[in-house]
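Undergrad: The following block contains the structure, expressed as structure tokens.
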Amino acid sequence: MTVPHKWMLLLYGLPTKRSAERVSLWRKLKKFGALQLKTSAYVLPDRPLHQERFQWLAKQVRDVGGEATLIRVSEIEGLPDEEIARMFNDARAQDYRGLMKSLARLIERNRKRRQESFRADLDRALRRLNEIREIDYFDCPNAHDAQMLLKRAGGSLKPGTAVGPRLDRKKFLGKTWLTRPRPEIDRVGSAWLIRKFIDPKARFIFAAKPSAHPQAIPYDMFEVEFTHHGEDCTFETMVKRFGIPDKSVQTIAEMIHDADVEDEKFQRPECMGLDRMFKGWERLGLSDREILSKGFECFDALHAALRAK
């Protein structure tokens, strides 16, 4: 996640009776992905397009008798750049989750037989995804999950789709694995699985796109080999591709599936606590590597407890 060194701030005030203009302005700010800092203060990364948009909105405010000020700043007191970027990602995550709920309902309605409105509904979902991507300024990790679900809804990845041939673990020793920043349960669980059952010396790095490190093996990223397939999350894909027979791992796979895919397929209530723990570590500002380290300890303990039963 690349954080800018400068921000554009729009400060404005509208006459009390201008409620219609206030709603119109709010909708435009929302469409542009602007982040609300206070009641009448919005921020965007400092880019020429954003400056142009804020200038246009400021003119609209002044045209109806309001006041508007546009400011370029290098820092905002009390809000580090990384915190502002996280706030942007939180807003986009909410957008992606809303889209994913709609897609889940679409898949369920068309599970047995496709309705006449299916294609139109799918096109509408694709447009919405593209709209969110346009204002996803810091590569929100939830984008990948929304893309995968949209692909599944379109039928490209149907339940039961083969995940590929069985792989020889010996050919994957000493490798570097790449995944998206801010790892949560599926990515951390998959990294733990790699380190414990595939390659004890595996190295992990983070980037938004596989092209950033072409020599690394990408996982849990869009349109790569080791990712969601059919109804399987990435952890399940790994278990199947590398033929890991451990029964406790199978149980963990069910927990991760229910937390990541959110379809209640295995009815594993433990998934809620695990998922919140990983989200909590991200909220506390732990680095990607710190989240991996704590996650490995978590899964080691969980695996040991399950084996002891």
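Undergrad: Would the stretch 139-274 count as rounded, prolate or oblate if I go by the C-alpha gyration tensor, calling it rounded below 1.5 in a/c and otherwise prolate when a/b exceeds b/c, oblate otherwise? The partial results should precede the final answer.
TA: On the way: a/c = 1.38, a/b = 1.13, b/c = 1.22.
It is rounded, given that a/c, with a ≥ b ≥ c, falls under 1.5.
Undergrad: Give me the Kirkwood hydrodynamic radius of the chain, using the inverse of the mean 1/r over all pairs of distinct Cα atoms, in Å to one decimal. Show your work: numbers first, answer last.
TA: Working: mean 1/r = 0.0464 Å⁻¹.
Roughly 21.6 Å, rounded to one decimal.
Undergrad: Note down the magnitude of the dipole of the chain about its Cα centre, charges +1 on Lys and Arg C-beta and -1 on Asp and Glu C-beta and zero elsewhere, to the nearest 20 debye.
TA: On the way: 57 positive and 45 negative charges, 152 e Å.
So the dipole magnitude of the chain works out to roughly 720 debye.
Undergrad: Then there's this: What figure, in Å² to the nearest 10, do you get for the accessible area of C271 with a 1.4 Å probe and non-protein molecules left out?
TA: Its heavy atoms expose roughly 10 Å² to the probe.
Undergrad: Same structure again: Roll a 1.4 Å probe over the protein heavy atoms and report the accessible area of M148 in Å², nearest 10.
TA: Counting only protein heavy atoms, the figure is 10 Å².
Undergrad: Quick check: the distance between the Cα centres of the stretch 21-51 and the stretch 56-109, to the nearest angstrom?
TA: 7
Undergrad: Right, something else. So, taking all protein chains as they sit and a 1.4 Å probe, how much accessible area belongs to E67, in Å² rounded to tens?
TA: Ignoring ligands and nucleic acids, E67 comes out at about 140 Å².
Undergrad: Does the stretch 1-107 come out rounded, prolate or oblate, given a ≥ b ≥ c as the square roots of the eigenvalues of its C-alpha gyration tensor, rounded meaning a/c under 1.5 and, failing that, prolate meaning a/b above b/c? Numbers along the way, then the final one.
TA: On the way: a/c = 2.23, a/b = 1.23, b/c = 1.81.
Because a/c hits 1.5 or more and a/b fails to exceed b/c, the stretch 1-107 counts as oblate.
Undergrad: Next question. If amide H atoms are built 1.01 Å from N in the plane of the peptide, which residues on other chains or at least 5 residues away come under 5 Å of the amide H of L37?
TA: So L37 has HN proximity to Y42, V43.
Undergrad: Pick out the long, greasy-scoring helices in the chain: whole DSSP H runs spanning 27 Å or more along their own axis by Cα, mean Kyte-Doolittle at least -0.5.
TA: Values: long enough: 81-109 (42 Å, -0.78); 288-307 (28 Å, -0.10).
Those that pass (Cα extent of 27 Å or more, hydropathy at least -0.5) are 288-307.
Undergrad: For the stretch 64-140, what is the largest minus smallest coordinate of the Cα atoms on each principal axis, given in angstrom and ordered from greatest to least?
TA: Rounded to whole Å, the extents work out to 55, 35, 15 Å.
Undergrad: While we're looking at this one, here's another question. In sequence order, what are the phi-derived ³J(HN,Hα) couplings for the stretch 199-216 according to the Karplus relation 6.51 cos²θ - 1.76 cosθ + 1.60 with θ = phi - 60°, rounded to whole Hz, with x for glycine and proline?
TA: 9, x, 10, 4, 10, 10, 10, 9, 6, 6, 9, x, 5, 5, 9, x, 7, 7
Undergrad: Tell me whether the stretch 171-213 comes out rounded, prolate or oblate; compute the Cα gyration tensor, take square roots of the eigenvalues as a ≥ b ≥ c, and use a/c under 1.5 as the rounded threshold. Display every interim value, and only then the final one.
TA: Numbers: a/c = 2.81, a/b = 1.28, b/c = 2.19.
Oblate shape, in that a/c is at least 1.5 and b/c is the bigger or equal ratio.
Undergrad: At 1.4 Å probe size, put T176, T234 in order of accessible surface, largest to smallest.
TA: Details: T176 40, T234 0 Å².
Accessible-area ranking of T176, T234, largest first: T176, T234.
Undergrad: Which of the listed residues, P165, A207, L25, is farthest toward the dipole's positive end in the chain, when Lys, Arg count +1 and Asp, Glu count -1 at the beta-carbon?
TA: Checking the options against the dipole of the chain, the answer is P165.
Undergrad: Largest first, how would E270, E108, E184 line up by accessible area (1.4 Å probe)? Don't skip to the answer; put the middle values down first.
TA: Values: E270 75, E108 110, E184 50 Å².
Result, largest first: E108, E270, E184.
Undergrad: Could you give log10 I(q)/I(0) at q = 0.18 Å⁻¹ for the stretch 64-202, computed by the Debye formula over C-alpha point scatterers of equal weight, without solvent?
TA: Summing over Cα pairs of the stretch 64-202 leads to -1.11.
Undergrad: Let me ask another. Based on alpha-carbon centroids, what's the gap between the stretch 208-255 and the stretch 114-138 in Å, whole number please?
TA: Between the Cα centres of the stretch 208-255 and the stretch 114-138 lies a distance of 25 Å.
Undergrad: Please list K28, K247, K240 from largest to smallest accessible area, probe radius 1.4 Å, with all protein chains kept in place.
TA: Details: K28 50, K247 170, K240 105 Å².
Sorted descending by solvent-accessible area, the residues read K247, K240, K28.
The values are calculated or read from the model by the stated rules, or taken from the named source; none is laboratory data. Here the structure is a predicted model, which is why all the values come from computation and not from measurement. Every residue, glycine among them, receives a Cβ derived from its backbone with ideal geometry; neighbour counts consider all protein chains shown. For accessibility, only protein heavy atoms count, side chains too; no ligands or nucleic acids. Shrake-Rupley method; radii C 1.70, N 1.55, O 1.52, S 1.80 Å.
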